[in-house]
1. For residue 50, are the conditions met, namely being among the β-branched types (Val, Ile, Thr), at pLDDT below 95 and more than 14 Å from the chain's Cα centre (by Cα)?
2. Among the residues of region 25-44, how many are farther than 16 Å from residue 2 by Cα and within 13 Å of the chain's Cα centre (by Cα)?
3. Could you please give the count of residues in region 1-60 that are under 28 Å from residue 71 (Cα atoms), assigned to a helix (DSSP H, G or I) and of a type in the set (Val, Ile, Thr)?
4. So the check is Cβ under 9 Å with 6+ separation or different chains; which pairs have a first residue in region 1-24 that's modelled with pLDDT under 75 and a second one that's part of a helix (DSSP H, G or I)?
Amino acid sequence: MNIKVNLTDDIPTHRTGGEYGVLMLEIFIDDRLPLRDQQENVIHSIVENTNLLMPHDGVDYLTMLIMDGLDQLQ
């Protein structure tokens, strides 16, 4: 993970307590994969990288649940 700290006096401390962070996640997907696999990989990457303490089988399970929910929209 890349971390960059910026010092500034342009933060509305009354709303943020003096800090705020922006999570940056850059995902690289093989464009030769079928669209469904691309979508599943994007979801998996987001879940995995925003829940760093979640066991990998939990990431896989949550990814599967989200994909199942999205499939029901079709």
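1. So residue 50 does not fit the description; no.
2. Restricting attention to region 25-44, the residues satisfying the condition of being farther than 16 Å from residue 2 by Cα are 29-44.
With within 13 Å of the chain's Cα centre (by Cα) added as a condition, the list becomes 39-44.
So the answer is 6.
3. Residues in region 1-60 being under 28 Å from residue 71 (Cα atoms), assigned to a helix (DSSP H, G or I) and of a type in the set (Val, Ile, Thr): 6 in total.
4. Close Cβ pairs satisfying both conditions: 1/49.
The values are calculated or read from the model by the stated rules, or taken from the named source; none is laboratory data. Computed from a predicted structure; not experimentally measured. Here the Cβ is made from the backbone with ideal geometry for all residues, glycine too, and neighbour counts use every protein chain on show.
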